[in-house]
Structures are given as C-alpha cells and as structure tokens.
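Worksheet: one structure, shown below.
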Amino acid sequence: MSRNFAAPAVTHRLPSRRSSLQCGLATLSAFAGLPLTQAVAQPRPRVQPRSCILLWLDGGPSHLEMFDPKPDAPTEVRGPFDAIDTAVPGIRISSQLPRTAAITQNLAIIRSLTSPLGEHGLANTYVLTGYPPSAVLQYPSLPAVAAALRPRQPQQVLPQWVAIPDAGSAGAGFLSGAALPFATGGDPAQPDFKVRDLELFPAVDQPRMQRRLQYLEVWDRHRIRAADRQATAARQLQTALQMASSDAVKAAFDLQQESAEQRQAYGPRMFGQSCLLARRLIQHGVPFVTVNFTGWDTHENLVLQLRDGYSGAKQGVGLLPTFDHAFAALLTDLQQSGLLDHTLVVALGEFGRTPKLNVRGGRDHWPRVFSAVLAGAGVPGGQVIGSSDRTGESPLDQPITPRDLVATIYTLLGFDPDHVLTAPDGRPIPLTQQAQPIARLLPGTAGSVPR
C-alpha cells in the first residue's frame, strides 16, 4: 500500500478515540517513512487539492499602518500615514499601499484577529499552529501539516513545502523530519542567486550518483529495521539527490527564465523576487510555499522603516512599498495565469502594534487586535471581516482567534480541521481544537464591506 494518502473531506466529524488512534498511527507511519501495512489506515474520500503561498511578515506588522487605518483618530493613534480609498467602495487602507488598493476586489481583509500572546516566539507558535505554546509538546505548523497530508503526485520530485529563504518560525513540531521544508537560502534578487543543495559536488558525476541512489533504495526497502532518525536522513538524502539530478526541478527554481518585464513587475528587492519564485514553484506543482519577510518589529522611527527604507530616500523603499509592489504583482500574476482560482494567498504576522505611537516614533507589540489578508482559492473578495474599535486597540465585533484562522485555512486547502494526528506519546491531536472556520471566507458565501 502506498505511504501517501488523500486529505480528509471537510465534512467529517471528529472521530472516536479508537478511530483517531488508528488514523493517527497511519499518519505518523507515513511521516516516519513506514509502510502503511504496519498501521490501520482509514479510507478517506479525495478532495480537490489547493496550493498555498504564505507571506509571513515576521516581527508583527502594524495593522494601523496597513489594513486597518484610523484616519479620524487622534494624531498619536492615527500615525504618520493617511488612509486611501480602494477599488471597493467603503474599504480604506493605508496610503502606502496604492497598488494593493487597486486590487481590493480580490482581497478578504480580517480586522479582528485577537490573541493574548505578545512575545514573538509564543505568538508565532499560536498563529502558525492554531495551538498556544506548550511546554510538553511542539505542535506542527500549518505548512508542515498541509505538506505532509497532501498526497505526493506520481513521479513528483519537487518538495511538498518550499521555504524562501528559510522557514523562520514555521516548524514540523512533533512530526518527523520528513515534514520539514526545502529551504532555498540566499536572496533571489541577487544576480548570482542559486538555490542551495541543487548542485552535485564537483567530484560526484551522474553514474556515481546513480549508484548512491540505488544504495538508498535498498536502504529504503529495509528501513523498518533502522531507527526512524536514520530512515528520515536516508529519505532526505535520496530526495536531495533526485532533485539535484532533475533538470525540471532546476528549471522550476530558475528565475532567469522569467522575462525582464515580469521580474520588474515584482520589484527589484528580495521580497518581490521571492514572491515571483513562489509563483514559479506553485506553477510547477509545489503545494505549499512560504515567503519569510523579516523586519516588521518597528519599535522606533516608524516612517524610516515602513516608508523610506533609508535616510534621505527620495522614493520610499521601506517595508510597505516593498510589500505593496510585490503583493499586488503576485495576485495579478496568479489571476492572469489562471492560478489564483486554486491557490490560496495569505499575508499576516504574529501580532499587531500598539494603538499609540511611543516616544521613539514607533509602535510596540500588540496582540489584542491585528489584521490578516486572504485571497484566491475561491475566497470571496472585496470584503472586510470584523473590525477594531476607534483606536485599533481591541476587536469591536467578530473577534477571531488564530485557532479560527488556521481552521479556515485548513478548510480552504481541503483538509478537515478535525482530522487527527498522533503525538509521540500516543495522544490524538486534532489539526485544530475549539475552532470554527470563518464562514464568510469559504467559497460560495457573500461578503460585505464596512458601512
């Protein structure tokens, strides 16, 4: 029996403890590289898989300077930037996001995310896994679970999850190393950019590499006798060698195959070219891509970091112009290429920023309310979900937890949020717990905009 299995249908209820343990054993066996004949696998109906690009704005982007401006609030709350109208009447966003404002008809903006966790590491865990941090168990992040549960396609060599340039805070948790991403490293905006680990060592030619692969195939057939760590290392090496020998894999990562006009459309900086690479990978069949965009921990000199980029800049090259340029280009490109219908794009960070500017001209950590943006994969666009109060301090209506958001993303990608994994100690762990998918983000629902 194949080690791969279909994702569960979203209509399943939470199974019994007995069936949960059976499903979990099958899942863990797949992650550990054991044949499913060693476990009891539950048959699951297949669903239409969707891809995902997660734009992780690491550090905590300010909701007030992005998707939840407060133009009528006092200056110390309103901040240095104005609000502008968008393509959807009634929705206003930051003046630093003009390109994004032009495509708001494709966006679903959440303005009422809320969490009690204001420390980076703890907040990262909660938003990326849907579980508050635990001292006894490391929960797997959403991309790790999604990549592990989605069946590999026949003859697929490209990874299930690629991280550009690295995974940041998104980890495999209690899943095995097989659920970790392939990290590109480097800066795709550099002329000499090369994806690490895609080239053979100079002394290793193709015949020698084929002998190594044959040896690994023998090891693979007998790995049930080996420790899981050894089996995982063998599989990872096998995958790396297969990728290094595949011209199709190298082509998927090759930005030089994009036209100069297309590269320019995404902007010249690292985040823009990373988004272009993400689109290429989705186009070539990678199910999940994360783009880690760091630098959003803006405790001081907010204008310099968010707008200007450097002192004396005549044209802003800071975080907001960079995000605006690349984000709008990515969604436009996906739409024009027909990929947006089955590709979910999510942009968010671990929390927001304080309602009032501090004495250093910045904003500090603020998890009580923050924003996220979703597009594609059938998500109804042109709508705002939830709201914050007049100063962006707390949710005013429809508070949404990270649990709810993660359950929504799982549902949009075709996974049952109640599907159960098995922790190393044998406990059944559902993908989400005490969570409710956001109904207005699901395909076929009608959106609304603020009054």
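As a summary of the residue check, Gly338 satisfies the conditions (1) closer than 20 Å to Leu117 by Cβ; (2) surrounded by fewer than 22 Cβ atoms within 10 Å (Cβ to Cβ); (3) not aliphatic (A, V, I, L, M) except for the one numbered (1). Within the range 87-106, the set of residues being touching a residue at least 60 places away in the same chain (Cβ under 8 Å) and outside any loop (DSSP other than H, G, I, E, B) comprises Ser94, Pro98, Arg99, Thr100, Thr104, Gln105, Asn106.
Conditions tested, residue by residue: (1) at pLDDT 95 or above; (2) within 20 Å of Trp366 (Cα to Cα).
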position	(1), (2)
Ser394	yes, yes
Pro399	yes, yes
Asp404	yes, yes
Leu413	yes, no
Asp416	yes, no
Thr422	no, no
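Among the criteria (1) touching a helix residue (DSSP H, G or I) at 6+ places or on another chain (Cβ under 9 Å); (2) modelled with pLDDT of 95 or more; (3) not in a loop (DSSP other than H, G, I, E, B), the one Pro140 does not fulfil is (3).
Yes or no, residue by residue, for (1) in a loop (DSSP other than H, G, I, E, B); (2) among the aliphatic types (A, V, I, L, M); (3) modelled with pLDDT under 95:
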position	(1), (2), (3)
Arg111	no, no, no
Pro116	yes, no, no
Gly121	no, no, no
Asn124	no, no, no
Tyr131	yes, no, no
Pro151	yes, no, yes
Val157	yes, yes, yes
Ala163	no, yes, no
Ala167	yes, yes, no
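Contact annotation: residue pairs with Cβ atoms under 7 Å, 6 or more positions apart or on different chains, pairing a residue in the range 254-279 that is in contact (Cβ under 8 Å) with a residue 24 or more places away in the chain and closer than 24 Å to Ala244 by Cβ with a partner that is of a type in the set (A, V, I, L, M) and surrounded by fewer than 21 Cβ atoms within 10 Å (Cβ to Cβ), are Gln273/Ala189; Gln273/Leu255; Leu276/Leu255; Leu277/Leu255.
Here's the yes/no breakdown for (1) outside any loop (DSSP other than H, G, I, E, B); (2) of a type in the set (S, T, N, Q); (3) closer than 28 Å to Thr125 by Cα:
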position: Ser311; (1), (2), (3): no, yes, no
position: Gly316; (1), (2), (3): no, no, no
position: Leu320; (1), (2), (3): yes, no, yes
position: Phe327; (1), (2), (3): yes, no, yes
position: Gln335; (1), (2), (3): yes, yes, no
position: Val345; (1), (2), (3): yes, no, yes
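Scanning the range 346-357 finds no residues that are in contact (Cβ under 8 Å) with a residue 40 or more places away in the chain, under 27 Å from Val88 (Cα atoms), touching a strand residue (DSSP E or B) at 6+ places or on another chain (Cβ under 8 Å) and surrounded by fewer than 18 Cβ atoms within 10 Å (Cβ to Cβ).
The values are calculated or read from the model by the stated rules, or taken from the named source; none is laboratory data. These figures come from a predicted structure and were not determined experimentally. Neighbour counts are summed over all protein chains in view; Cβ atoms, including those assigned to glycine, are modelled from backbone coordinates with ideal geometry.
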